Every structure is written in structure tokens, then in C-alpha cells.
1. Could you look through segment 58-76, keep only residues that are surrounded by fewer than 18 Cβ atoms within 10 Å (Cβ to Cβ) and touching a residue at least 60 places away in the same chain (Cβ under 8 Å), and pick out the one that is nearest to the chain's Cα centre (by Cα)?
2. I'd like to check something: does segment 25-38 contain any residue that is more than 24 Å from THR141 (Cα to Cα), touching a helix residue (DSSP H, G or I) at 6+ places or on another chain (Cβ under 8 Å) and in contact (Cβ under 8 Å) with a residue 24 or more places away in the chain?
3. What pairs come up if the first residue lies in segment 3-17 and is among the charged types (D, E, K, R), the second is surrounded by 10 or more Cβ atoms within 10 Å (Cβ to Cβ) and modelled with pLDDT of 90 or more, and their beta carbons are under 8 Å apart, counting only those six or more places apart or on different chains?
4. Given the conditions (1) in contact with a helix residue (DSSP H, G or I) (Cβ under 6 Å, 6 or more places away or on another chain); (2) within 16 Å of GLY66 (Cα to Cα), which single one is not true for LEU114?
5. If you go through segment 62-71 one residue at a time, do you hit one that is touching a Phe, Trp or Tyr at 6+ places or on another chain (Cβ under 7 Å) and aromatic (Phe, Trp, Tyr)?
6. Report the residue count in segment 124-140 for those that are surrounded by 13 or more Cβ atoms within 10 Å (Cβ to Cβ), free of Cβ contacts under 8 Å to residues at least 60 places away in the same chain and either more than 22 Å from THR82 (Cα to Cα) or of a type outside the set (Asp, Glu) (or both).
7. Which residue out of LEU114, LEU145 is in contact with a strand residue (DSSP E or B) (Cβ under 6 Å, 6 or more places away or on another chain) and at pLDDT 95 or above?
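The values are calculated or read from the model by the stated rules, or taken from the named source; none is laboratory data. Remember, predicted model here, so these are calculated numbers, not experimental data. When we count neighbours, we look across all protein chains shown, and the Cβ atoms used for this are built from the backbone with ideal geometry, even at glycine.
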Amino acid sequence: MAENFHLDSLDKKIINLLNSDARMPFTEVARRCKVSGAAIHQRVAKMEEAGVIAGSALTLNPKGMGYQTCAFIGIQVNLTSTSTHDEVFRKIQKIPEIVECHHISGKYSLLVKLFTRNNEHLKQVIVEQIQSIPEITFTETFISLETGFERGLLI
């Protein structure tokens, strides 16, 4: 991201409109901002170039796809003389149920978020995939009972 990129009030309004509905046509964004469509295209392009906007994505509802269990797992890693943190990270990245992986400070080396069909599927992923990685010495699982809220960064 450009260190000195400054978001003005129009940029913030554009971001907030697209944050609320990423599929909103630029012509509608322009109408609501009282500027031309070309101005919106230029602003969005500049924000993408500066790294303020990083693409767009379709958001899937895991429950709607049959994934009823959301869990977070703290993972302790003990590296051997022949393994590296990146190698462990690449092994974890191959597990399709894991949707996020964070390198963290504190008791654990990594914190992962995953979705599974049910608790039995979660157990299977933990035992057969995560804990089978030799460098992983300990895991602690936190099952999410309910999502309180999710939101993007507020502008």
C-alpha cells in the first residue's frame, strides 16, 4: 500500500457503499455520490493501485453449504532441525476445511479457523490431518456456538 495515500470523504463514501453492497453498479455509486461514473472508476482504480481495496469476492454461507460447525484451533509447533515454519504452514494450507491461518504470539504458533460438516467431521480433520503433521505438538480447539457479528473494517 502506498504509505502516503489519503482517503478523502468521497473515497470513504465509495468504500462504504461498496462495503454494504459489493455488487452495486458503479453508475449507482456515482448517482449516490453525485459524481460521474468515470470519477468512480478512477477513484476505485487508484484505491486498488494503492492497496486500499484488495479485489472483491463472493461470500459463501458455510451453513447453506452443509458446514454446520465452525471452530478455531490453537496450534503449537515444535520445529526439528530438518523442518521450517513455512513447511508446516504449507501442510496446513493443504487442508481444505481451514479457511484462515494466522501466525500469532503467545501460547500458540498458529491460530486456524475451519468449517466442518459436523463435530465428527471436525474430530476427523483434527486427528487425521492436523495432528498427523509431525511438527505439531499440541492443539486446543474452540467450537464457535454462534457468530455474534462479522464486519469489514469500518471507514
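1. Among those residues, the one meeting the criterion is PHE72.
2. Yes, because at least one residue in segment 25-38 is more than 24 Å from THR141 (Cα to Cα), touching a helix residue (DSSP H, G or I) at 6+ places or on another chain (Cβ under 8 Å) and in contact (Cβ under 8 Å) with a residue 24 or more places away in the chain.
3. ASP11/ARG43; ASP11/MET47; ASP11/VAL52; LYS13/ARG32; LYS13/CYS33
4. Unmet condition: (1).
5. Checked against the condition, which is being touching a Phe, Trp or Tyr at 6+ places or on another chain (Cβ under 7 Å) and aromatic (Phe, Trp, Tyr), segment 62-71 yields at least one hit.
6. Count: 7.
7. From the options LEU114, LEU145, the qualifying one is LEU114.
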